[in-house]
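Student: The structure is given below, and queries will be raised subsequently.
The values are calculated or read from the model by the stated rules, or taken from the named source; none is laboratory data. Only a predicted model underlies this, so the values are computations on that prediction, with no experimental measurement involved. Positions of Cβ are generated from backbone atoms using ideal geometry, with glycine treated the same way; all protein chains shown enter the neighbour counts. For the accessible areas, the whole protein counts, side chains as well, though only heavy atoms, and no ligand, DNA or RNA atoms are used. Shrake-Rupley method; radii C 1.70, N 1.55, O 1.52, S 1.80 Å.
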Amino acid sequence: MKAIEMLKNEHRLIEKVLAALEYYIGAIDKGEEIDRRDLAKFTAFIRTFADSCHHGKEEGILFAEMIERGFSREQGPVAVMLMEHNEGRRLISRLNALADKKEPWAENDRQEISRTATEYIDLLRRHIMKEDNILYPAAEQNIPPEIMTAMYDRFERFEEEETGVGEHEKFHRMAEELVRRYSPGASPANHHH
């Protein structure tokens, strides 16, 4: 599997979790009783898998290679992606602070969760589309194939060093669990009605 393919596969998993989060937020908006601990699971998945692991590989390895080949850090596709990663981090730490609140969510908390999560989901969906359609093809055109091949090994190593062996699988399982619980076909029992 090529480096870019690996990143795209991660995008597909992240998109599934975003859809589950959207469903979860929909339930909050309808005033349904949901398990509030699941919000912390969503933010943990996003922080560890989407950010440290996925964005980490992009920023530390892929974007670095692109910058070495003349892409600007200040403007153009790489600059926009970096800016969006930071914007995403800002939204997720707000969401995480709300997830961590000890006292029950008040009405304005629910509204802020809904607003922040929706903003994050929209940001990331657009971001992924830009990477898949603009940034990744640009990388493949500008980075020699042998460097791309070596990049895959660097990604694997990065995962082991950054997230630890077995962590990756743990987050895949966590993602599957969230997707199973918060999807249109899920049984209402999962929502503790």
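Student: Looking only at the range 54-70, decide whether some residue is assigned to a loop (DSSP other than H, G, I, E, B) and farther than 20 Å from Gly164 by Cα.
Tutor: yes
Student: Considering only residues of the range 91-111 that are closer than 27 Å to His11 by Cβ and in contact (Cβ under 8 Å) with a residue 12 or more places away in the chain, which is most open to solvent (accessible area, probe 1.4 Å)?
Tutor: Arg94
Student: Still on this model: From Met129, Met174, Met148, grab the single residue that is in a helix (DSSP H, G or I), in contact (Cβ under 8 Å) with a residue 60 or more places away in the chain and surrounded by fewer than 17 Cβ atoms within 10 Å (Cβ to Cβ).
Tutor: One residue alone meets the criteria, Met148.
Student: I need the full set of residues from the range 85-121 which are assigned to a helix (DSSP H, G or I) and either among the aromatic types (Phe, Trp, Tyr) or touching a strand residue (DSSP E or B) at 6+ places or on another chain (Cβ under 9 Å) (or both), in order please.
Tutor: Tyr120
Student: Could you grab the pairs with beta carbons closer than 6 Å, sequence gap of 6+ or different chains, first residue in the range 46-60 and polar (S, T, N, Q), second one open to solvent by less than 20 Å² (accessible area, probe 1.4 Å) and outside any helix (DSSP H, G or I)?
Tutor: Cβ pairs passing all conditions: none.
Student: Then there is this: Looking at the range 165-185, can you tell me whether even one residue there is among the charged types (D, E, K, R), at pLDDT below 80 and out of contact with any strand residue (DSSP E or B) (no Cβ under 7 Å at 6 or more places or on another chain)?
Tutor: For the range 165-185, residues among the charged types (D, E, K, R), at pLDDT below 80 and out of contact with any strand residue (DSSP E or B) (no Cβ under 7 Å at 6 or more places or on another chain): present.
Student: Among the numbered criteria (1) surrounded by fewer than 16 Cβ atoms within 10 Å (Cβ to Cβ); (2) without any contact (Cβ under 8 Å) to a residue 24 or more places away in the chain, which one does Glu87 miss?
Tutor: Checking Glu87 against (1) surrounded by fewer than 16 Cβ atoms within 10 Å (Cβ to Cβ); (2) without any contact (Cβ under 8 Å) to a residue 24 or more places away in the chain, the one that fails is (2).
Student: So, one more: When you check Asp38 against the structure, is it open to solvent by less than 60 Å² (accessible area, probe 1.4 Å), modelled with pLDDT under 95 and in contact with a helix residue (DSSP H, G or I) (Cβ under 7 Å, 6 or more places away or on another chain), yes or no?
Tutor: So Asp38 does not fit the description; no.
Student: Moving to a separate point now. Which of (1) assigned to a helix (DSSP H, G or I); (2) surrounded by fewer than 16 Cβ atoms within 10 Å (Cβ to Cβ); (3) in contact (Cβ under 8 Å) with a residue 60 or more places away in the chain does Ser183 not meet, given it meets every other one?
Tutor: Unmet for Ser183, out of (1) assigned to a helix (DSSP H, G or I); (2) surrounded by fewer than 16 Cβ atoms within 10 Å (Cβ to Cβ); (3) in contact (Cβ under 8 Å) with a residue 60 or more places away in the chain: (1).
Student: Every residue in the range 71-84 that is assigned to a helix (DSSP H, G or I) and in contact (Cβ under 8 Å) with a residue 24 or more places away in the chain, please.
Tutor: Residues satisfying the conditions are Pro77, Val78, Val80, Met81, Glu84.
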